[in-house]
Amino acid sequence: MSSYDVAVIGGGAAGLSAALVLSRARRTVVVIDAGAPRNAPATHMHGFLSRDGMAPSQFLAVGRTEVVGYGAALVAGTVTDLVGAGREGFSVLLADGNRIQARRVLVTTGLRDELPAIPGLADRWAREVLHCPYCHGHEVRDQRLGVIGGTPGAARYAQIVRQWTHDLVYFTAPDLLTATERAGLVARAIGVVEGDIEQLVIDEADRPCGVQMRDGLLVPRDAIFVPPTFVPHSQLLTALGCDVDDGWVITDATGRTSVAGVWAAGNVTDPRAQVITAAGAGSAAAIALNADLVEDDVRNAVTTYHLGGCTT
Ligand SMILES: Cc1cc2nc3c(=O)[nH]c(=O)nc-3n(C[C@H](O)[C@H](O)[C@H](O)COP(=O)(O)OP(=O)(O)OC[C@H]3O[C@@H](n4cnc5c(N)ncnc54)[C@H](O)[C@@H]3O)c2cc1C
């Protein structure tokens, strides 16, 4: 069985960034990745200084080359379980039956975006159906935009999307808006359409032509913003007993969870993390992880020293 200082589970921005720092710190590192980063459906990545407009796949390919260059191992696969192995650290079990041993684990498995069940939305995800105006708002600026409301905070989200266009419509079920929300929308010339949405309509040129309401009204729109439900891929962490708050695994500022030796970073613990902040969180976790391993190394060296040996 292969054995490493750190097993990084998930090879997106957070995991690869951690692996880069750890392998440069001369730690033995394996990155196990299922190959489905969250932004894979998008053709371009924005907001990462010096990488703006790069394809997400290219960004990760460059990252993989860099970490391999420093000696990290990359394994394509899905981790199904993490089992504490006492002083040995953890056994990392893969779906293909392989098992890897590691002194520490860093979980960077990201999250899943769940869209409202409105016909047509999922098909256009990351094209004309968007969630993050900071990622893709600039690309649809000044177009006829819509926001799917009806969830807590959605009216405030519409006010943010308003930054990118003067032509914005907020769609919501009747009687959900508070008087304050309605006043804010009207004051900033955001149209309000109340009713049930039938579907997003696509025209013959394969472009969205509007939002079809159940009462027959068609509201012309070029792109739609949707606040998805964020579902963390945190099963490996919760199965180990990591403390959770409101569905999200709790970490300190460096990514340390409540379970000794287990760390987490990126979207798996922080739905707000962009690529650059997920990468930063991975880097911070790596530095703290290395310090934790150094403490372990000191303890082991002192024990060996008192037994009359010495370490190299
Ligand atoms: C459509 C879309 C467009 C976006 N555009 C932008 C943008 O332009 N700019 C920006 O800054 N942000 C953007 N984001 C947000 C961006 O995707 C995240 O900030 C970023 O992916 C978080 O990185 P991460 O490493 O935490 O997770 P991810 O990038 O999702 O990586 C997690 C990795 O872990 C793997 N994994 C999961 N479970 C397991 C397991 N059990 N075993 C092994 N591997 C596993 C996954 O397959 C995946 O490869 C966008 C998001 C979406 C949905």
* Asked: Restricting attention to the stretch 245-293, and to residues there that are farther than 14 Å from Gly12 by Cα and in a strand (DSSP E or B), which single residue is farthest from the ligand (Cβ to nearest atom)?
  -> Asp245
* **Matching residues in the stretch 1-38 - criterion: being more than 9 Å from the ligand (Cβ to nearest atom) and farther than 24 Å from Gln101 by Cα** => none
* Asked: Does the stretch 88-106 contain at least one residue that is near the ligand (Cβ under 9 Å from one of its atoms) and among the aromatic types (Phe, Trp, Tyr)?
  -> no
* To do: Report whether or not Leu240 is closer than 23 Å to Gly63 by Cβ and either in contact (Cβ under 8 Å) with a residue 40 or more places away in the chain or of a type outside the set (Val, Ile, Thr) (or both).
  => no
* Would you mind stating whether Ala291 is exposed (fewer than 15 other Cβ atoms within 10 Å of the Cβ), in contact (Cβ under 8 Å) with a residue 24 or more places away in the chain, over 23 Å from Val79 (Cα atoms) and assigned by TED's automatic domain parsing to the domain that holds Ala102? => no
* To do: State the number of residues belonging to the stretch 215-237 that are in a strand (DSSP E or B) and touching a residue at least 24 places away in the same chain (Cβ under 8 Å).
  => 8
* Condition test on Pro41, is it closer than 12 Å to Val275 by Cβ and near the ligand (Cβ under 6 Å from one of its atoms)? -> no
* Asked: Yes or no: Ala18 among the small types (Gly, Ala, Ser), within 17 Å of the chain's Cα centre (by Cα), surrounded by fewer than 23 Cβ atoms within 10 Å (Cβ to Cβ) and in the same structural domain as Asn267 (by TED's automatic domain parsing)?
  -> no
* Asked: Would it be correct to say that Ala205 is near the ligand (Cβ under 10 Å from one of its atoms) and either over 12 Å from the mean Cα position of the chain (by Cα) or surrounded by 20 or more Cβ atoms within 10 Å (Cβ to Cβ) (or both)?
  -> no
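The values are calculated or read from the model by the stated rules, or taken from the named source; none is laboratory data. Nothing here was measured: the structure is a model prediction, and the numbers come from that model. FYI the Cβ positions are ideal-geometry reconstructions off the backbone, even for glycines, and counts take in every protein chain you see.
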